[in-house]
Amino acid sequence: MEYLIGWLGTSDPVVLGIAATAIVFGFYMAWNIGANDVANAMATSVGSGSLTYRQAIWIAAAMELAGAVLAGSHVTNTIRKGMIDVQLFAHDPQTLMLGMLAALLAAAVWLNIATLFGLPVSTTHSIVGAIVGFGLFIYGSTAIQWIKVFQIVLSWIISPLAGALIAYFLFVLIRKTILTARNTSRALLRLTPIFAGLTILLIVLATVYKGLKNLNLQLDTSTALFSSLTAGIIGAGIFYLYVSRRDGSRYDEIQNVERVFMVLQVATAAYVAFAHGANDVANAIGPMAAVFAIIQNGVIALKVPVPMWILLMGGVGIVIGLATWGYRVIKTVGKSITELTPTRGFSAEFSCATVVLVCSKLGLPVSTTHTLVGAVVGVGLAQGLGSVNLGVMRSIIASWLLTLPVAGGLTILIYLGLEAVIQL
Amino acid sequence: MSILAKLLGSHAPFELLSKHLDKVMLCVDLVKPLLDAASNQNQDEVKRIAEDVFRLEHEADEIKLKIRDHLPKATLLPVSRGDLLNYLKTQDNLADNVEDLVLSVSQLRFPSCWTDGGMHDELMALADYSVSAAKEAANMLGRFERLRMIGFAGDIIEELREIANRIGQIEAKADRKQFKLVQMVLEIQDPDWHFAYSYVLLQVIRSLGKMADNAESMGDYMRLMIAD
């Protein structure tokens, strides 16, 4: 509390109350993200047997945290001030503060309901719907930065498509060069180190390129490229040694390929968790950071850094959500999706993580779950889709159409409630 | 349930398809022992085999229903749902054919020309064709599983088409054998021979012929499942 008073520069009990509420709501939102979203990202690895669910939890925890802290601030900025015209609130920062609190709680409650009923609701869509709903309620459509919102909605359509496309070609490539190769072990030795190296390169690049400023460490582009390339090559070398030394003679050819991809899938599972942390932590801490920025500055500042401890708190919230609730989802999903073998899981996860990471670097909050679904469909298309049950597609579209108005409407109700409490 | 589970289906139809085939082939394996037992007038043995067939056929049916009940949930199916269900049906029919065979064989009487006239040998030859057609058909599913693992590309597609062709050739031989046997039945001269016995004998011949037909259909539906 002493720290909070010093940091916020005020001891007004109402303001401190708002700050504490922001922390509680932000944490609740992060918990929900961990409880619901992360499971989908990790389940493919558990399903294919690459990871036990306990291992999956540990990897997810470490990588979510790393992604949130090291690469998480771009999207936070978009959520905080990209979608509504914060200048409109210049004379009335308290309204914006309450609005952000309401948006957080509304999105978190909606997510919690969705998790209970197993609805495929995107955390990103919830928070975007909540903030836009609030802006519309207060100032009408002029408050909304429609261009930015349009970009975000466009990215929701593009990200599953991009996920599908990359996953499709990646699986076709693996099939052509490895699965149908005359000598699969030679093909494995030649190609899998490249996949391993590429995964590591992308994680490191996302971390060091414009990422380390959270640690007060800025690398210029060429240094960032060089260091990630070096890490990738080292990773590829280690993987080469691993593949060349392992004895695959116990397994039949295709089983052997899948075994090697199980190991690769551990890397991509980490990659997905990292990308998810980078993208989705913002959904919890973006509005929270906005509240703090207003309290600190008294006015709406355009550029305030997101403090490290807020990113960390978001990450910890996700991890706790994962540990207390998400593991159950991982367990059930993992058991049911055995059709996704390691080569397929690798293709889908690699594609999903890359798309999500690129989008979050561009400041576009996308849905990790929907991108992963796109990627899984992409792998399916590569094998030839004989049958498509439209029920799932329907539920995705319904969740799109439902989430925005529900989260927005809920935000307005909670906002009115908060306002009444403050005025007491 | 998570969206991924919904998307991929909570249940793998292909594993069950193999389990179903295992039961069906256990029935098929009993065809020749059954005919031998009947031919040796060993009614106890016929009864024992019949019990086994009824049990296996029932078990196969249960797996079949499981596949059918859960198939709508599988969304991303690499093959068409209709083709898969048709294939399942023909695979299941194979067990039904053996069951029909059991019902007729247990009523079988043997004309004087059974051993002397070579009818026994001809019937066993037909059974050979039918069983080997069914065995070729059963081999397809293993190759299909491998094709599925690889992701529906490569030489296995051609390999499967060749197996389907081979089944077609065996079925043609079975057809000719069936024709010959029907003629033999119609030419039975035994004075004690009753028309009803002919009827049962024709049923046996027909069931064996149907087995080869169904094996051929399995090949046809397999072709559809792997078609580009």
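The values are calculated or read from the model by the stated rules, or taken from the named source; none is laboratory data. In this text, all values refer to a predicted model and were calculated from it rather than measured experimentally. Virtual Cβ from ideal backbone geometry, glycine too; neighbours counted across all protein chains shown.
Here the range B:154-199 is the region considered, the condition is being closer than 30 Å to A:Thr177 by Cβ and not charged (D, E, K, R), and the residue that is nearest to the other protein chains (Cβ to nearest Cβ) is B:Gly154.
Taking the numbered list (1) within 14 Å of chain B (Cβ to nearest Cβ); (2) at pLDDT 90 or above in turn, A:Ile412 passes all entries but (1).
So that you can scan it fast, the table gives a plain yes or no per residue for (1) in contact (Cβ under 8 Å) with a residue 12 or more places away in the chain; (2) within 14 Å of chain A (Cβ to nearest Cβ); (3) in a helix (DSSP H, G or I); (4) more than 16 Å from the chain's Cα centre (by Cα):
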site: B:Cys113; (1), (2), (3), (4): yes, no, no, yes
site: B:Ala127; (1), (2), (3), (4): yes, no, yes, no
site: B:Ala133; (1), (2), (3), (4): yes, no, yes, no
site: B:Arg146; (1), (2), (3), (4): no, yes, yes, yes
site: B:Phe152; (1), (2), (3), (4): yes, yes, no, yes
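Out of B:Gln178, B:Gln183, I need the residue that is among the polar types (S, T, N, Q) and either surrounded by fewer than 18 Cβ atoms within 10 Å (Cβ to Cβ) or under 24 Å from B:Leu85 (Cβ atoms) (or both). Which one?
Values: B:Gln178 fails: either surrounded by fewer than 18 Cβ atoms within 10 Å (Cβ to Cβ) or under 24 Å from B:Leu85 (Cβ atoms) (or both).
Among B:Gln178, B:Gln183, only B:Gln183 is among the polar types (S, T, N, Q) and either surrounded by fewer than 18 Cβ atoms within 10 Å (Cβ to Cβ) or under 24 Å from B:Leu85 (Cβ atoms) (or both).
From the set of residues in the range A:354-378 that are among the hydroxyl-bearing types (Ser, Thr, Tyr) and in a helix (DSSP H, G or I), which is farthest from the other protein chains (Cβ to nearest Cβ)?
Residues of the range A:354-378 that are among the hydroxyl-bearing types (Ser, Thr, Tyr), as a first pass: A:354, A:360, A:367-369, A:371.
Now drop any that are not in a helix (DSSP H, G or I), which leaves A:354, A:360, A:368-369, A:371.
Numbers: A:Thr354: 18, A:Ser360: 21, A:Thr368: 11, A:Thr369: 6, A:Thr371: 12 Å.
The selected residue is A:Ser360.
Does A:Leu402 qualify as being at the interface with chain B (Cβ under 8 Å from one of its Cβ atoms), at pLDDT 85 or above and closer than 24 Å to A:Thr115 by Cβ? No; evaluated as a whole, the condition is false for this residue. Only a single item in (1) within 14 Å of another protein chain (Cβ to nearest Cβ); (2) surrounded by fewer than 18 Cβ atoms within 10 Å (Cβ to Cβ) is not met by B:Gly117, and it is number (1).
Just so you know, in the range A:238-251 the residues that are part of a loop (DSSP other than H, G, I, E, B) and either modelled with pLDDT of 90 or more or surrounded by 12 or more Cβ atoms within 10 Å (Cβ to Cβ) (or both) include one that is nearest to the other protein chains (Cβ to nearest Cβ), and it is A:Tyr251. Scanning the range A:44-77 for residues that are of a type in the set (S, T, N, Q), modelled with pLDDT under 80 and surrounded by fewer than 22 Cβ atoms within 10 Å (Cβ to Cβ) yields a total of 1.
I'd like to verify a number: residues in the range B:35-91 that are more than 14 Å from every other protein chain (Cβ to nearest Cβ) and of a type in the set (A, V, I, L, M), how many? Looking only at that region, the number is 11.
For the range A:144-165, does any single residue satisfy the condition of being in contact with a strand residue (DSSP E or B) (Cβ under 7 Å, 6 or more places away or on another chain), surrounded by fewer than 23 Cβ atoms within 10 Å (Cβ to Cβ), at pLDDT below 90 and away from chain B (no Cβ under 14 Å)? Before the answer, list the steps.
Let us first name the residues in the range A:144-165 that are in contact with a strand residue (DSSP E or B) (Cβ under 7 Å, 6 or more places away or on another chain), namely A:144-145.
Of the ones still in play, those that are also surrounded by fewer than 23 Cβ atoms within 10 Å (Cβ to Cβ) are A:144-145.
From what is left, the residues that are at pLDDT below 90 are A:144-145.
Right, trim to away from chain B (no Cβ under 14 Å) and you get A:144-145.
The answer is yes, given that some residue of the range A:144-165 is in contact with a strand residue (DSSP E or B) (Cβ under 7 Å, 6 or more places away or on another chain), surrounded by fewer than 23 Cβ atoms within 10 Å (Cβ to Cβ), at pLDDT below 90 and away from chain B (no Cβ under 14 Å).
Considering each residue of the range A:89-98 in turn, none proves to be more than 14 Å from chain B (Cβ to nearest Cβ), in a helix (DSSP H, G or I), within 22 Å of A:Thr371 (Cα to Cα) and at pLDDT 80 or above.
All conditions but one from (1) within 13 Å of the chain's Cα centre (by Cα); (2) closer than 17 Å to B:Cys27 by Cα apply to B:Tyr87; the one that does not is (2). Within the range B:135-144, the set of residues being small (Gly, Ala, Ser) and within 14 Å of chain A (Cβ to nearest Cβ) comprises just one member, B:Gly142. The residue list A:Arg182, A:Arg259, A:Arg175, A:Arg190 contains one member that is without any contact (Cβ under 8 Å) to a residue 24 or more places away in the chain and either part of a helix (DSSP H, G or I) or more than 14 Å from chain B (Cβ to nearest Cβ) (or both), which is A:Arg190.
Within the range B:101-109, is there a residue that is surrounded by fewer than 21 Cβ atoms within 10 Å (Cβ to Cβ), within 14 Å of chain A (Cβ to nearest Cβ) and within 18 Å of the chain's Cα centre (by Cα)? No: zero hits.
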